[in-house]
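Student: First the structure, then my questions, so here it is.
Every number in this text was worked out from the coordinates using simple rules, so none of it is lab data. Because the structure is a prediction, the values reported are computed rather than measured. Glycine also receives a Cβ, built like all others from the backbone with ideal geometry; neighbour counts cover every protein chain displayed.
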Amino acid sequence: MKTIIILMDSLNRHYLNCYGETWVQTPNIDRLAERGAVFDKHFAGSLPCMPARRDIFTSRLNFLETPWSPLQPFDECLVRELRKQCSTYCHMITDHFHYFEWNGMGYHTGFNTWEFIRGQEGDHWHPRVQDPVIPVYRGKNRRQDWVNRSAMNLEREEDYPTPKSFMRAIDFLRHNHDQDNWHLHVEVFDPHEPFICPQKYVDMYEDTWDDRYHFDWPSYGPVDHDHEGEDAIQHIRKCYAGTLTMADSWLGKLMDTMDELDLWKDTAVILTTDHGHLLGENGYWAKNYMFDYAKLAHIPLIVYSPHAANNGKRVNALTTTIDLMPTVMEFHRAVPTRMEQGKSLVHLLNDDQCHHDAVLYGYFGKDINLTDGRYTYCLQPIEGSIVHHHTAMPVGFRSDPERFANVEVGNFLKQSPLPVYRFSETSRRHHNATGSPLLYDLIKDPEQQFPICDQELEETMRSKMKELLMRYDAPASQYVRMGLL
């Protein structure tokens, strides 16, 4: 068997035609959806970027024990298991530069080979002592991003990292299509912000922004309606759409190559994302600080497997990010590791049946959310409560004597045979939180505007949350801070 994971960052489910009619043009994602199984109730686990990837690589829900984190020495990693158990050749192609920062280390080194495509966002790439020319702008623009842009022809899509990543993936297929037992991880940063692409893609959406200030990277905060009116929101959505359509176009070239090389007969393909991204919805830009809306956590998943009965159909079972590692493992006939918390999706590709009855999602130290596929339940931490950050690799920490003076070392994690560092941090709630639990019906209220009061249902969800915390080996501080003792 050959397997390909295609991971697009910040891919909004509600912008894809295979999840409902939309104005965004993604013909090749649609094409893959027609070929594979489309999962209708797939949810993120740990958010945002690197926590989601650790879920994917380890099949463990890590937001309960640590924030943005390197792979830990005790983690049982997908590609290392494939290589050890099955001698599977594993290759990574990515332009996601967070893999190459201190607090993202260890993910790519498990592959046999890997390629890093430079230039996304603030990737510290081109050296320029002199400041670049920066226009008047609003948002989160960074100096290094302007430097990187200055080295590109912004109207030539082959200069962009996402097309370059797909070009390298096509090259991999051409060199290795006649070999068996390989796993290819293709990861593109787009449509993550900044939302830039050649003008032809934005023109597809008839953008009428007047350029009174440069705007392609909104700040992580509420929409500032004094300066960012409906025209600014529509401009950002169209820039996002253009960036997504460019990525979709190059996905199409990869799929064309699979057609040409007849790879569909023995190659499984998974397309998904880490999380969504708010583009003015609910009055917010971006992610991280607000209530964890379904638009952030309810994410797309398409899985194609040769000869599967559900190819071209919908799957209604509730699934989550930690299910991806067991799925790829089963494709290659590897046995599950002792620490996997997810479940393989392979059985769902032939028979849409029960999978999870509920799943958890959230950010380290913030709220904890639960969904059963219809209802979402958000429980917020007790004001001022303590959450413990556990790590065997305290990299990326600033030199804060007070913080290190209070660190503990011990066998605090059930899954780790090693002692780990334990740091105490103060819990946080989402922006404008009241402290009260939030319960929503996604069928009747998909925009999550009207919390419902149902004491019996809330008690059921609260009990299920505690059950899942136990199942996922949550540290003791999680029960204390959430009032679940």
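Student: Which listed residue (Trp182, Ile452, Gln380) has the Cα farthest towards the positive end of the charge dipole for the chain, taking +1 on Lys and Arg C-beta and -1 on Asp and Glu C-beta about the Cα centre?
Tutor: Farthest along the dipole direction, towards plus: Trp182.
Student: Helix by helix through the chain, keep the DSSP H runs that span 30 Å or more along the axis on Cα and average at least -1.0 on Kyte-Doolittle, and give those back in order.
Tutor: Length and hydropathy pass: 230-260.
Student: A further question follows. Less than 13 Å Cβ to Cβ from Asn28, Lys/Arg counted +1 and Asp/Glu -1: what total charge do the surrounding residues give?
Tutor: Local charge sum for Asn28: -2.
Student: Please provide three numbers in whole Å: the alpha-carbon extents of the chain along the principal axes, with the largest listed first.
Tutor: Largest to smallest, the principal-axis extents are 57, 56, 49 Å.
Student: Can you work out ³J(HN,Hα) from phi for every residue in region 314-321, in order, using Karplus 6.51 cos²θ - 1.76 cosθ + 1.60 and θ = phi - 60°, giving whole Hz and x for Gly and Pro?
Tutor: The phi angles translate into 9, 10, 9, 5, 7, 9, 8, 4 Hz.
Student: Moving on to the next point. Indicate, rounded to the nearest 5 percent, the antiparallel portion of the DSSP beta bridges found entirely in the chain.
Tutor: Just about 50 percent of them are antiparallel.
Student: Something else about it: In square nanometres, what is the average projected area of the Cα convex hull of region 6-66?
Tutor: Answer in nm², one decimal: 4.8.
Student: Starting with the highest mean, order 79-85, 67-73 by the number of other Cβ atoms within 10 Å, averaged over the residues of each peptide.
Tutor: The densest-packed peptide leads the list: 67-73, 79-85.
Student: Listed highest first by mean packing, meaning other Cβ atoms within 10 Å per residue, what order do 175-186, 472-483 come in?
Tutor: 472-483, 175-186
Student: Within 10 Å of each residue's Cβ, count the other Cβ atoms and sort Asp454, Asp248, Asp190, Asp131 from fewest upward.
Tutor: Going from least to most buried by this count: Asp131, Asp454, Asp248, Asp190.
Student: Can you list the GluC sites (Glu not before Pro) in region 302-384 that are in a DSSP coil and have 14 or fewer other beta carbons within 10 angstrom?
Tutor: Glu383
Student: Roughly how many whole Å is it from the C-alpha centroid of region 425-485 to that of region 198-253?
Tutor: A separation of 34 Å, based on Cα centres.
Student: Rg/Rh for region 362-481 to two decimals, with Rh computed the Kirkwood way over all alpha-carbon pairs.
Tutor: Ratio of gyration radius to Kirkwood radius for region 362-481: 1.04.
Student: Continuing with the same structure: Hey, what do the phi angles of region 153-159 turn into as Karplus ³J(HN,Hα) couplings, whole Hz, using 6.51/-1.76/1.60 and θ = phi - 60°, x for Gly and Pro?
Tutor: 8, 5, 9, 10, 5, 5, 7
Student: How would you order 228-241, 21-34, 205-218 from highest to lowest mean count of nearby Cβ atoms within 10 Å?
Tutor: Those peptides, ordered most packed to least, come out 228-241, 21-34, 205-218.
Student: How many lysine pairs does region 2-359 hold where the Cα atoms are under 16 Å apart and the two sit 8 or more places apart or on different chains?
Tutor: Taking the Cα cut-off of 16 Å, the pair count is 8.
Student: Kindly put Val315, Val395 in sequence by how many other C-beta atoms sit within 10 Å of each C-beta, fewest to most.
Tutor: Val395, Val315
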